[in-house]
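Throughout, read-outs are computed from the coordinates displayed, never taken from laboratory work. Predicted model only: the values in this text are computed from it and were never measured. Neighbour counts run over all protein chains shown; Cβ positions are idealised from the backbone, glycine included.
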C-alpha cells in the first residue's frame with residue numbers, strides 16, 4: 001500500500017467553521033488521505049514533535065488546511081511547524097525527510113479576492129502572504145503546490161461551498177495518485 005497524504009486541519013474551533021469542517025470531511029472520505037486535527041490532538045497546545053515527524057515519515061504529501069487569520073496561520077499550526085520541522089530531519093546537511101514530498105496549503109479567508117491586491121484592503125496578492133510556506137517547502141526540498149484559496153468562506157452559500165469542496169477533492173485525488181499539479 002502506498003503512503004497516504006497527510007491532511008493537517010488547524011482550526012481553533014472547527015465546529016463554527018462550515019468551510020474548514022466541510023473540507024476536512026471531504027478529505028476523510030478519501031481512502032488515501034489521513035486527516036489529523038492538531039487542535040483536537042493537542043488541546044494543551046504542546047506539540048509532540050517526534051510523533052509528528054513519524055506521521056510525516058509515513059506520508060507521501062502534506063496538506064495544511066487552516067483559516068487565514070491576521071495574514072498567517074493560527075498559532076498552533078506555527079508551533080506545529082516549529083516543533084516538527086527540525087534541523088537534521090527537515091533541513092540541513094542530514095535533513096532529508098521531506099525532500100520530494102508535495103506540500104500544499106489550503107486556506108479560507110473572510111475577504112474576497114479583490115481585497116488581496118495593491119490598493120485593496122489587504123494591499124497584496126494572497127501569494128505574498130503565503131510566501132513563508134512556499135519558502136518552507138523550498139528550504140526543506142519539498143515540491144510546492146499551488147495554494148487552494150477559498151475567498152469569502154463565511155459568506156459562501158451551499159453551492160459555493162460544494163464547488164470548493166470538489167476542487168479540494170480533486171486536488172487530494174491528484175496527490176493521492178502520486179502526481180503533482
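Before moving on, here are some points about what is shown:
- Here the residues 52, 79, 146, 31, ranked from fewest to most Cβ neighbours within 10 Å of their Cβ, fall in the order 31, 146, 79, 52.
- Packing-based exposure ordering (other Cβ within 10 Å, fewest first) of 104, 142: 142, 104
- Between residue 40 and residue 58, the simple label model (points 7 Å from Cα in the Cβ direction) yields a spacing of 1.6 nm.
- Relative to the dominant Cα principal axis of the chain, helix 158-176 is inclined by about 20°.
- Translational diffusion coefficient (Stokes-Einstein; Kirkwood radius from C-alpha pairs) of segment 1-89 at 10 °C, 1.306 mPa s, in µm²/s: 117 µm²/s
- DSSP-defined beta bridges in the chain - what % are antiparallel, rounded to 5: 5 percent
- Short-range pairs are left out: with C-alpha atoms under 8 Å and at least six residues apart, the relative contact order of the chain is 25 percent.
- Rg/Rh ratio calculated on Cα atoms of segment 62-164 (Kirkwood radius): 1.03
- Difference of contour (0.36 nm per residue) and Cα-Cα distance, residue 3 to residue 138: 46.4 nm
- Extended-chain gain in nm, criterion 0.36 nm per residue less alpha-carbon gap, residue 13 and residue 166: 52.8 nm
- Relative to one another, the C-alpha centroids of segment 141-181 and segment 102-129 are positioned 15 Å apart.
- Cα long-axis angle, helix 75-84 against the chain (0 to 90 degrees, to the nearest 10): 20 degrees
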